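*Asks:* Once you've had a glance at the structure underneath, I'll fire off some questions.
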Amino acid sequence: METPMAEKTWKDIETGFVVETPGGARAYRTGDWRSQKPVYDKERCVKCGVCYMFCPDAAIRIMEDGYVDVNEYYCKGCGICARECWTGAFTMVPLSGSEKKEAKK
């Protein structure tokens, strides 16, 4: 039985696989291989949207109240949000052993 697209991870992608449909990579949990994750401090956020603009994976979305939410299924842990956030609302922390095991499931 084939795994539904919503449950596939980056490991399920065939070597040399090319996504032919725009936005087709959204079907894969590409954040599963990261070694660190962003921690967001809402108290430091000034709702400027810089993190949203710089995120290369579109893993950050702006909520109705102006604050942001990080989708950990797609966040690859690159740290650009933490580097570009001038208020320090994002910090990068290493994944714990249990988080790494959970991501591999």
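The numbers here are math on the coordinates, done by the rules we state, and not lab data. All of these numbers come straight from a predicted model, not from anything done at the bench. Note: ideal-geometry Cβ built from the backbone for every residue, glycine included; neighbour counts use all protein chains shown.
*Asks:* Using amide H atoms built in the peptide plane, which far-off residues or other-chain residues are under 5 Å from Thr9 H to H?
*Replies:* Amide H to amide H, under 5 Å and 5 or more residues apart or across chains, Thr9 pairs with Arg29.
*Asks:* Additional query: Got a sec to turn the phi values of the stretch 69-86 into Karplus ³J(HN,Hα) couplings, 6.51 cos²θ - 1.76 cosθ + 1.60 with θ = phi - 60°, whole Hz, x for Gly and Pro?
*Replies:* Coupling constants for the stretch 69-86: 10, 9, 8, 6, 5, 10, 5, 9, x, 6, x, 4, 4, 5, 6, 8, 6, 7 Hz.
*Asks:* Could you calculate the FRET efficiency of Gln36 with Tyr67 from 1/(1 + (r/R0)^6), where r is the beta carbon distance between them and R0 is 25 Å, rounded to 0.05?
*Replies:* E(calc), rounded to 0.05, equals 0.70.
*Asks:* Could you list the residues of the stretch 69-89 with an amide nitrogen less than 13 Å from a label point located 7 Å from the Cα of Cys48 in the Cα-to-C-beta direction?
*Replies:* Hits in the stretch 69-89 for Cys48 at 13 Å: 81-89.
*Asks:* Okay, moving on. Taking H as built 1.01 Å from N, whose amide H comes closer than 5 Å to the amide H of Lys37, not counting residues under 5 places away?
*Replies:* Sorted by chain and number, the residues that satisfy this are Val93, Leu95.
*Asks:* Quick check on the exposure proxy: order Glu64, Glu84 from fewest to most C-beta atoms within 10 angstrom.
*Replies:* Glu64, Glu84
*Asks:* Residues with amide H under 5 Å of Ala58's amide H, sequence separation 5 or more or different chain, H placed in the peptide plane at 1.01 Å from N; which?
*Replies:* When sequence neighbours closer than 5 places are left aside, there are no close amide H contacts.
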